[in-house]
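Quick notes on the structure that follows.
Read-outs throughout are calculated quantities, based only on the coordinates presented, and are distinct from any laboratory measurement. Just so we're clear, the structure is a prediction, and the values are computed from it rather than from any experiment. FYI the Cβ positions are ideal-geometry reconstructions off the backbone, even for glycines, and counts take in every protein chain you see.
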């Protein structure tokens, strides 16, 4: 947390450090992959149109998924 101004009415800048470590990025990749598996079955058709844009090729490649 950092102050952005001497004015007490100005909210501070919050930097949570999300995705700042390799472990953070690994866990997020895992979450994205598990979510893709969960919504893939046809039973989720009402709430999910399936993968968009980059598709399965991106899910299989850590670097592409990170981008």
**OP:** Tell me, please, whether a residue that is under 15 Å from the mean Cα position of the chain (by Cα), outside any helix (DSSP H, G or I) and closer than 30 Å to residue 1 by Cα can be found in the range 51-61.
**Re:** no
**OP:** Tally the residues that are outside any helix (DSSP H, G or I) and either within 16 Å of the chain's Cα centre (by Cα) or surrounded by 13 or more Cβ atoms within 10 Å (Cβ to Cβ) (or both), restricting the search to the range 22-49.
**Re:** 2
**OP:** Any residue in the range 12-24 that's touching a residue at least 24 places away in the same chain (Cβ under 8 Å) and on the phi > 0 side of the Ramachandran plot: show its pairings with residues that are part of a loop (DSSP other than H, G, I, E, B) and surrounded by 10 or more Cβ atoms within 10 Å (Cβ to Cβ) at Cβ separation under 9 Å, as long as the two are six or more apart or on different chains.
**Re:** none
Original post:
residue 19: surrounded by 10 or more Cβ atoms within 10 Å (Cβ to Cβ) and part of a loop (DSSP other than H, G, I, E, B), yes or no?
Top reply: yes
Original post:
Is it the case that residue 13 is loosely packed, with under 12 Cβ neighbours inside 10 Å and touching a strand residue (DSSP E or B) at 6+ places or on another chain (Cβ under 6 Å)?
Top reply: yes
